[in-house]
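Engineer: Structure in structure tokens, see below.
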């Protein structure tokens, strides 16, 4: 990582930390600066542009595409924050920023400490580029869906326990979160389907060998079946609440074992690419 990118990443980490403090202090009634949603949205959009430079520039390394675990995770987190920022135009997403800002800080810090060393030099195949872009977008959407599922679980337990918390007062209603979760998962499922199809149909061109029964393929198909089953159950039986949350968490766990788990083991533990 160059000095410029390091300084930029540290500046973004500090900026997202200030954003987190700003939101928390306002919710607790001891704010230095009052809330200004329009200004906050504009500043966040500017930080997203800077973060695009910080996370996308390292991808173009050594004339190829750097897909190390740190770089890949930082891009996914940036896509998640970009989706959140875009959704804030159409939905009430108040409260979610308390999780998105620290997550962005963690993604940037992880990319600094563990950038990874997996570099792909052949970018001439459009099937490969499509596979990478669609898969990262799908993972980001499922990560947001999982975050919403966790918030739903928190709200449901708080409501059943009749406990009023600071976070509960600022989160969207439970039904709104549920609607957002299923919309995000539906789009993610479509993109995951495209990812699996490009991985199988274009395996020779994308990876240089025929599709095999690897652990990544197995867990990828398991996550596809879980998310597909969740959407079918929602459509036919009206699944919601804890049943939907459990299926969502199980699908995301399988997805992480398929991709992130393998990259962490190979790059950080076994020191392989």
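The values are calculated or read from the model by the stated rules, or taken from the named source; none is laboratory data. The structure displayed is predicted, hence computed values, not measured ones. Heads up, the Cβs are rebuilt from the backbone with ideal geometry, glycines too, and the neighbour counts pull from every protein chain shown.
Engineer: Need the failing condition index for residue 71 against (1) farther than 14 Å from residue 44 by Cβ; (2) surrounded by fewer than 22 Cβ atoms within 10 Å (Cβ to Cβ); (3) in contact with a helix residue (DSSP H, G or I) (Cβ under 7 Å, 6 or more places away or on another chain); (4) at pLDDT 75 or above, just the number.
Structural biologist: Only one criterion is unmet by residue 71, namely (2).
Engineer: Give all pairs with beta carbons closer than 8 Å in which a residue from the stretch 200-228 that is at pLDDT 70 or above meets a residue that is surrounded by fewer than 16 Cβ atoms within 10 Å (Cβ to Cβ); count only pairs at least 6 apart in sequence or on separate chains.
Structural biologist: Matching pairs, first to second residue: 200/211; 217/211; 224/193.
Engineer: Just checking, does the stretch 1-9 include any residue being closer than 21 Å to residue 113 by Cβ, modelled with pLDDT of 90 or more and buried (at least 16 other Cβ atoms within 10 Å of the Cβ)?
Structural biologist: Taking every residue of the stretch 1-9 in turn, at least one turns out to be closer than 21 Å to residue 113 by Cβ, modelled with pLDDT of 90 or more and buried (at least 16 other Cβ atoms within 10 Å of the Cβ).
Engineer: Same structure again: Any idea which of 126, 172 is touching a helix residue (DSSP H, G or I) at 6+ places or on another chain (Cβ under 8 Å), closer than 22 Å to residue 79 by Cα and modelled with pLDDT under 85?
Structural biologist: Residue meeting the stated conditions: 172.
Engineer: Just wondering, is there one or more residues in the stretch 225-242 that are touching a helix residue (DSSP H, G or I) at 6+ places or on another chain (Cβ under 8 Å), in a helix (DSSP H, G or I) and under 16 Å from residue 139 (Cβ atoms)?
Structural biologist: yes
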